[in-house]
Amino acid sequence: MALDDQARRLADMAGAMRQARELIGHDHWSSDELAAFQRRRLDVVVGHATTRSPFYRERYAGLDLGDPVELARLPVLDKATVMDRFDDLVTDPRLTLAAVEAHLDGLAGDQLLHGRYRAMATGGSTGRKGVFVADRDEWRQYLAGFFRWNHYLGLRPRLPRRLRIASIAAARPLHMTYRMAASIDVGLYRVLRLEATAPLAAMVEALNRHQPEFLYAYGSVLGLLAAEQLDGRLRISPAIVASSGETHTGELRDAIRAAWATSSFELYAMTEAGILGSHCDRHSGIHLFEDQAIVEVVDEHDRPVPAGQVGHKLLVTNLVNRTQPLLRYEISDMVAMAAEPCPCGRPFRLLAGIEGRNDDILHLEAAAGGTVAVHPLALRSALAGIPGLAQYKVVHDADGLCVRAALRPGAVPAEAVGLVTTRLAERLAAQGAARPKVRVELRDSLQDERDTAGKFKLIESRLRPAPARR
């Protein structure tokens, strides 16, 4: 069985690398060539969905979708609907939600369901857990996007002295980061894999032994490691640093540059659609890989917002996955498109920034009556730069705001607590909020606040009602 698994991985790797070369060639397309490709792919995906998925046949019945299909005519799809109608939405009737969840429950590695499908789950950091499947051909296309990202980074195999890589992310096979790592593990690199939930001291010890030349981790983990490097406990010199999975703040980017004299390559990926985009070596924004997914930045009423303006959410249309078609699928990320193209000349649009998720917005009592929406950027900027503050999480509950905080060694607890309370109260008042009760809980570590995928949710409201289902 082990030999069969290795043969499958090698075959998938070879196919993905061939497809990656095609994707890299798309860097030289014109915008018109890219748009034509998207129209063709959209026609194919929608045609397959309406033919093979009972859900989409019902959903699109009687609708004029255009010829070719016009994206804006397709109804919007949310996660609740995907999960509630899972059995009817997928295009293989064997893939019932009960069967997929049973497979996930017993998953110990990179095993396939029915010998063909990879099943994964989201960590639930936005609320409800999602379950997603892709067949082997679709997975090769996701891996091709991963290899294109490696090309953007300049990450290539080196023999006979293999490149040393460290990856700190999910350690459970339920999650995409684990499955991608398992799929490409054919011995080309010397890889150290650590779980994002591991104690920080254990990470530092392992990294000091391994001395990675390439370091990948979630943004919150990189922030902790950068502080350890600057304080002298971590002593590594990676040539390339990369991150994904969480919001990247200016403070985090500054810390990475200070620690390792390099900028992090930010990757934008999701279980629902694979690799959505990445920095190139110009670091001017995240190139959207629009030959694999179409991304719309919209307001709360699903209307497009102009470049430079932060949207309320995304609508993502997966151009790869026909097993579980996701067409105009809602993602709660709040992003802005860059107004100008990247100087590198690639045809893909740029994300100027990812500001968080719309469920990070806190709805607080307003000083003038009613409520006021407080953007996560206001909270992050209030707490940025507080001396001794290593990590924090803001929780909004019935008692007000609770800031769970971990301090750096040598920090004075009373001073840190005072600054957190004062700065947060001042910023909220400037936003028009009534002065809420702010309490600070000091902890040795916030590692136990990570979700099942190892991701860290910086802001959490426990008062928001469940979203209405469509």
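Structure notes:
- Residue-wise HN-Hα coupling along segment 333-339, computed from phi with Karplus coefficients 6.51, -1.76, 1.60 (Hz; x: Gly, Pro): 5, 9, 10, 10, 6, 6, 6
- Dipole of the chain, positive direction: furthest Cα of Thr249, Ala259, Leu74, with charges on the beta-carbon: Ala259
- Amide H contacts under 5 Å for Val440, placed H, 5+ residues apart: Val403
- Rh by Kirkwood over Cα pairs, then Stokes-Einstein D for segment 300-406 at 1.567 mPa s and 4 °C, µm²/s: 77 µm²/s
- Among beta bridges from DSSP that stay inside segment 334-470, the antiparallel ones total about 65%.
- Helix content alone sets the calculated 222 nm mean residue ellipticity of the chain: runs of n ≥ 4 DSSP H residues at -39500 (n - 2.57) each, divided across all residues, give -10500 deg cm²/dmol.
- Simple label model, 7 Å out from Cα along Cβ direction - Asp302 to Val44, nm: 2.6 nm
- Charge dipole of segment 123-195 (Cα centre as origin; +1 on each Lys and Arg Cβ, -1 on each Asp and Glu Cβ, all else neutral): 340 debye, rounded to the nearest 20.
- Lysines with Cα under 29 Å of Lys437, excluding same-chain neighbours fewer than 8 positions away: Lys393, Lys455, Lys457
- Rounded to the nearest 20 debye, dipole of the chain from Cβ charges on Lys, Arg, Asp, Glu: 940 debye
- Looking at the chain alone, DSSP beta bridges between its own residues are antiparallel in about 60 percent of cases.
- Taken about its Cα centre, segment 199-313 carries a charge dipole of about 460 debye when Lys and Arg each add +1 at the Cβ and Asp and Glu each add -1 at the Cβ.
- Cβ-derived FRET efficiency at R0 35 Å, Thr422 paired with His363, nearest 0.05: 0.95
- Using a probe of 1.4 angstrom and keeping all protein chains present, the accessible surface of the chain works out to 43 square angstrom per residue.
- Surface share of carbon and sulfur [accessible, 1.4 angstrom probe, percent] for the chain: 51 percent
- Counted over segment 122-259 with a bin width of 10 Å, the fraction of Cα pairs per bin, in whole percents, is 10, 40, 36, 13, 1.
- Computed over the alpha carbons of the chain, Rg followed by Dmax gives 22.4, 68 Å.
- Residues Glu33 and Leu10, FRET efficiency given R0 of 30 Å [Cβ-Cβ distance, rounded to 0.05]: 0.40
- Histogram of C-alpha separations across segment 94-172, 10 Å bin width, %: 14, 36, 33, 14, 2
- In Hz, Karplus ³J(HN,Hα) per residue of segment 157-163 (6.51, -1.76, 1.60; θ = phi - 60°; x = Gly, Pro): x, 9, 10, x, 8, 5, 5
- Accessible-area rank, largest first, for Trp149, Trp29: Trp29, Trp149, with all protein chains present and a 1.4 angstrom probe.
- Size estimate for segment 396-470 follows the Kirkwood approach: the inverse of mean 1/r over distinct Cα pairs works out to 14.4 Å.
- Comparing Gln211, Gly145, Pro347 along the charge dipole axis of the chain, the residue lying farthest to the positive side is Gln211, per the Cβ-charge model.
- Mean Kyte hydropathy of -1.0 or more with a Cα span along the axis of at least 27 Å, helices from DSSP in the chain: 2-25, 31-52
- Cα-based equivalent ellipsoid of segment 33-122: semi-axis lengths in Å, sorted from largest, via gyration tensor: 29, 16, 11
The values are calculated or read from the model by the stated rules, or taken from the named source; none is laboratory data. This is a predicted model, so every value here is computed, not measured. Counting neighbours? That spans all protein chains shown, and the Cβs are built from the backbone with ideal geometry, glycine included. Note: areas computed on protein heavy atoms with side chains; ligands, DNA, RNA excluded. Shrake-Rupley method; radii C 1.70, N 1.55, O 1.52, S 1.80 Å.
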